[in-house]
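S.K.: If you scroll down you'll find the structure; I have some questions about it.
The values are calculated or read from the model by the stated rules, or taken from the named source; none is laboratory data. Here the structure is a predicted model, which is why all the values come from computation and not from measurement. Heads up, the Cβs are rebuilt from the backbone with ideal geometry, glycines too, and the neighbour counts pull from every protein chain shown.
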Amino acid sequence: MARSVKHFLEVLDELSRLNISFISFRENVDTDSALGRAMVIIVAAIAELERSLIVERVRAGMRRAKLEGRQIGRARLDIDRRQVVLDRCSGMSLTVVARKHSISRASVCRLMKETCANSDPVSLACAGALAPQAHL
């Protein structure tokens, strides 16, 4: 219903202004009474605290793993990137290049874009080969 205690209280205030009662049957809480409203605020505060603690633990774990040299995220492709680009520039289709190197067609496209963004000799040679030809 809300991401923070502050937001939850704003929702409850808005409901009160509209003469709408928030009643939780599962927790047996009625926000019309002072005790019910206090219970909701306490539970919401504890939930927000728990969420904050989880975020802190995850960040600390990722920081520690990075310091230990462990890779965070997906492993990089272990392929000959230059050969993928050369195969594609030689006229092979995306599908054929992808199958030959056991990667996806999207990876072939991404490698081509990365290569063309760089200014190495392969990309300069491929730029002419892959550019659409102007018909006179």
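S.K.: Report, ordered by the first and then the second residue, all pairs with beta carbons closer than 8 Å, sequence separation of six or more or different chains, a first member in region 33-45 that is in a helix (DSSP H, G or I), and a second member that is among the acidic types (Asp, Glu).
M.R.: Partner pairs satisfying both residue conditions: GLY36/ASP30; MET39/GLU27; VAL43/GLU27.
S.K.: If the requirement is being under 26 Å from the mean Cα position of the chain (by Cα), over 30 Å from ILE72 (Cα atoms) and modelled with pLDDT under 85, which of these qualifies: VAL29, VAL5? Quick ask: steps written out before the conclusion?
M.R.: Working: VAL29 fails: under 26 Å from the mean Cα position of the chain (by Cα).
One residue alone meets the criteria, VAL5.
S.K.: Looking at (1) out of contact with any His (no Cβ under 9 Å at 6 or more places or on another chain); (2) surrounded by fewer than 14 Cβ atoms within 10 Å (Cβ to Cβ), which one does MET1 not meet, given that it meets all the others?
M.R.: (1)
S.K.: Given SER21, SER16, SER52, which one is touching a Leu at 6+ places or on another chain (Cβ under 9 Å) and farther than 30 Å from CYS116 by Cβ?
M.R.: On the way: SER16 fails: touching a Leu at 6+ places or on another chain (Cβ under 9 Å); SER52 fails: touching a Leu at 6+ places or on another chain (Cβ under 9 Å).
Only one candidate qualifies: SER21.
S.K.: With the condition kept exactly as written, say whether any residue in region 80-101 is part of a loop (DSSP other than H, G, I, E, B), surrounded by 14 or more Cβ atoms within 10 Å (Cβ to Cβ) and β-branched (Val, Ile, Thr). Steps first, answer last, please.
M.R.: Going through region 80-101, the residues part of a loop (DSSP other than H, G, I, E, B) turn out to be 80, 90-93.
Now restrict to residues that are surrounded by 14 or more Cβ atoms within 10 Å (Cβ to Cβ): 92.
From the residues that got through so far, the ones that are β-branched (Val, Ile, Thr) too are none.
No, there is no match, as no residue in region 80-101 is part of a loop (DSSP other than H, G, I, E, B), surrounded by 14 or more Cβ atoms within 10 Å (Cβ to Cβ) and β-branched (Val, Ile, Thr).
S.K.: Right, another one. Could you grab me the full set of residues in region 61-79 that are assigned to a loop (DSSP other than H, G, I, E, B) and surrounded by 12 or more Cβ atoms within 10 Å (Cβ to Cβ)? Explain how you work it out, then say what you get.
M.R.: Keep residues of region 61-79 that are assigned to a loop (DSSP other than H, G, I, E, B), which gives 68-79.
Those that are assigned to a loop (DSSP other than H, G, I, E, B) and surrounded by 12 or more Cβ atoms within 10 Å (Cβ to Cβ): LEU77, ILE79.
S.K.: Give just the number: which of (1) at pLDDT below 90; (2) out of contact with any helix residue (DSSP H, G or I) (no Cβ under 7 Å at 6 or more places or on another chain); (3) within 30 Å of VAL11 (Cα to Cα); (4) part of a helix (DSSP H, G or I) does GLU114 not satisfy?
M.R.: The number of the failed condition is (3).
S.K.: Another one. Determine whether region 48-60 contains at least one residue that is assigned by TED's automatic domain parsing to the domain that holds GLU27, touching a residue at least 12 places away in the same chain (Cβ under 8 Å), assigned to a helix (DSSP H, G or I) and under 30 Å from LYS6 (Cβ atoms).
M.R.: So the first thing to find is which residues in region 48-60 are assigned by TED's automatic domain parsing to the domain that holds GLU27, and the list is 48-60.
Pick out the ones that are also touching a residue at least 12 places away in the same chain (Cβ under 8 Å) and you get 48.
With assigned to a helix (DSSP H, G or I) added as a condition, the list becomes 48.
Now restrict to residues that are under 30 Å from LYS6 (Cβ atoms): 48.
The answer is yes; a qualifying residue exists.
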